[in-house]
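Each value in this text was obtained by applying a stated rule to the coordinates, not by laboratory testing. As the structure is a computational prediction, the values presented were derived from the model and not from experiment. Ideal geometry is used to build each Cβ from the backbone, glycine not excepted, and the neighbour counts take in all protein chains shown.
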């Protein structure tokens, strides 16, 4: 009897998918205000960003302080390809991911041997350098003025630039990416990454190729950040370097810390919380930015494992999505192949 | 014969480097005793500048009173920062948990969170725009030294920083507090065994380090005449770079690297626009991490 066939198993993912693709658009359509669509799209994009950082910082345990820069690289690639080369969303979406991944790979070559705080400092410097390029290379990136992207969302000739079309496109891309990240972080591959987090010297001695794995995961996460960037560029139609500065990297980091390091559902919850909470607190005016800091501080102090810690997240994933979950002979689940 | 222009840039770079050095010492002292990075150090710098500004606009005191106000606020900020963001995470005092990654990362994130709260709080109180310093307090009266024209600020920054650096050396080498700071940074557990109150020593370290940072903040604020809530971020990173280049726990190394950084930056503005000059610091950082991972002046460490 295959456990995955039983209908109760897939309740949580089914509910989440139903909420994202049916309930939420219905609610948005009933309000019919562009602002709510913007917020929904923004939260989805940050869900993707938090999930991609989850791969590096949560699963592999490498403190990455420059993630927003790769998001920016993706957004600028999409915007420049759309305005200068006239390419549509069909091409800019994968290309911006690939360009972000390529740049991440190039900067990873010399820096991935570093560990702990040195790694964090190196990623901070890389992020700041990319940000300075976006800000100061005025001839190419138009500097602080930003770029206006006139091309809306258009996939394989279908025009999707309406409110609902944009929402569905963003939601579909983000869902696919999050599923990919989920499969990756709960696989044997993810277990290897976790071994680096727990003790990289020990993992090295056991035959895990730590440096290569670190490079791969850094590049992969930059790829997903780049995809998020191209979604952002086409969704808002205007990007400027201010969207990709250090404080954005910290915001993404805060999301996965609040949600629980190493837990993908936690990263998603954290992203939703830190985007929707400030919006909900709009009445408090200027205090909403302080709230981000306060929420982050309190969650580190009182919930060191986050809202949904890694152990409970793994349990949830194992219960709900264990279709291809491999077990050892004595019944201990060890992950997807 | 060297072009006087370069001499002038050299002098400006030296005084810039001195302020980085003051900041870098705060980082280095705190890294020495706790092995953690204090990301809220840039905010201490901002707080120092604002403390001076508030005093100046309120009562028009002599300039040294403003610096003392900054020092007092810096000391207070250091104390509360340690209580708020670092003490709660030192629940256990055994060697393993003092050196553990969990403790290092949670204090890193908590100091980041505190820095967000302080910066946004300052923005609410003072607004995010630049506040200009009253004209008569600006330390930019031109002074002619041989072929070079400098401003009084260059001398004041240099003199105050030099006095503070010498004072720090005196504190560390000749007083009991300094002895205990050095002992804790050498071996926290050993220091505890011989009867040093490590908790108090850590607070003292934060107080001393933050006073230096706050002094740098008010000096730079008066030199450029612009004080704003986000001003601490870039100097914080520069000081951090200086600390890493100097080998993390070496104070002379951090000071020398801060001076190198300051001079390199002011020289770089000759060739590229000032927006790109920040690139110098990050470039230095990456190069140091790749080629001299233990710093230019640091002792050998096991792993980087």
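Beyond 32 Å, what share of the Cα-Cα pairs of the range B:27-228 is found? Please give it as a whole percent.
On the way: 4883 of 20301 pairs.
For the range B:27-228, the fraction of Cα-Cα distances above 32 Å is 24 percent.
Please give the helix B:101-126 orientation as an angle from the longest Cα principal axis of chain B, in degrees from 0 to 90, rounded to the nearest 10.
For helix B:101-126, the angle is close to 40 degrees.
Would you mind checking the tilt of helix B:198-224 against the longest principal axis of the Cα atoms of chain B, expressed as 0 to 90 degrees and rounded to 10?
It is inclined by approximately 10 degrees.
What's the long-distance tail for the protein assembly as shown, i.e. % of Cα pairs beyond 33 Å?
Roughly 49 percent, once rounded to a whole number.
Where the centre of each part is set by its Cα atoms, how far does the range B:134-182 sit from the range B:50-79, in angstrom?
What the calculation gives is 16 Å, centre to centre.
Let a ≥ b ≥ c be the square roots of the eigenvalues of the Cα gyration tensor of the range A:175-245; is it rounded (a/c under 1.5), or, if not, prolate (a/b larger than b/c) or oblate?
Prolate, because a/c is 1.5 or more and a/b exceeds b/c.
When chain A is treated as a GNM, springs tying every alpha-carbon pair under 10 Å, which of A:142, A:245, A:84 comes out with the largest mean-square fluctuation?
Among A:142, A:245, A:84, the largest mean-square fluctuation in the Gaussian network model of chain A belongs to A:84.
Go ahead and estimate [θ] at 222 nm for chain B from helices alone: -39,500 (n - 2.57) per DSSP H run with n ≥ 4, summed, over the residue count, rounded to 500. Intermediate results must be reported in sequence, preceding the final value.
Numbers: 12 runs with 219 residues, N = 304.
About -24500 deg cm²/dmol.
When a/c is below 1.5 the answer is rounded, else prolate if a/b is larger than b/c, else oblate, so apply that to the range A:9-245 with a ≥ b ≥ c taken from the square roots of the Cα gyration tensor eigenvalues.
Oblate.
Would you mind calculating the relative contact order of chain B from Cα pairs under 8 angstrom and at least 6 residues apart, reporting the percent as a whole number?
Values: 491 pairs, mean separation 109.8, N = 304.
RCO, chain B: 36 percent.
Using the count of nearby Cβ atoms within 10 Å as a rough guide to exposure, how do A:54, A:64, B:41 rank from fewest to most?
Working: A:54 32, A:64 26, B:41 29.
Listed from fewest to most nearby Cβ atoms, that is A:64, B:41, A:54.
Shielding by partners for A:123-132, please: the mean number of other protein chain Cβ atoms within 10 Å of each residue's Cβ. Walk me through the numbers on the way to the answer.
Values: counts 0, 6, 14, 3, 1, 8, 7, 1, 2, 6.
For this peptide, the per-residue mean of nearby foreign Cβ atoms is 5.
Take peptide B:154-167, look around each residue's Cβ out to 10 angstrom, count Cβ atoms belonging to other protein chains, and average those counts. Before the final figure, lay out each step's value.
Values: counts 0, 0, 0, 0, 0, 0, 0, 0, 0, 0, 0, 0, 0, 0.
For peptide B:154-167, the averaged partner shielding equals 0.
If you find the alpha carbon centre of the range A:36-71 and of the range A:89-122, how far apart are they in angstrom?
14 Å
So what is the calculated 222 nm ellipticity per residue for chain A, using -39500 (n - 2.57) for each DSSP H run with n of 4 or more, over all residues, to the nearest 500 deg cm²/dmol?
Estimated from H runs of four or more residues: -21500 deg cm²/dmol.
Over the range A:9-245, what is the relative contact order in percent, taking alpha-carbon pairs closer than 8 angstrom and at least six residues apart?
Rounded, it is 40 percent for the range A:9-245.
Please average, across the residues of B:238-249, the number of beta carbons from any other chain that are within 10 Å of each residue's own beta carbon, and give a whole number.
Per-residue shielding by partner chains comes out at 1.
If packing is taken as the average number of other Cβ atoms within 10 Å across a peptide's residues, how do A:13-23, A:193-203 rank, most packed first?
Answer by packing, highest mean first, reads A:193-203, A:13-23.
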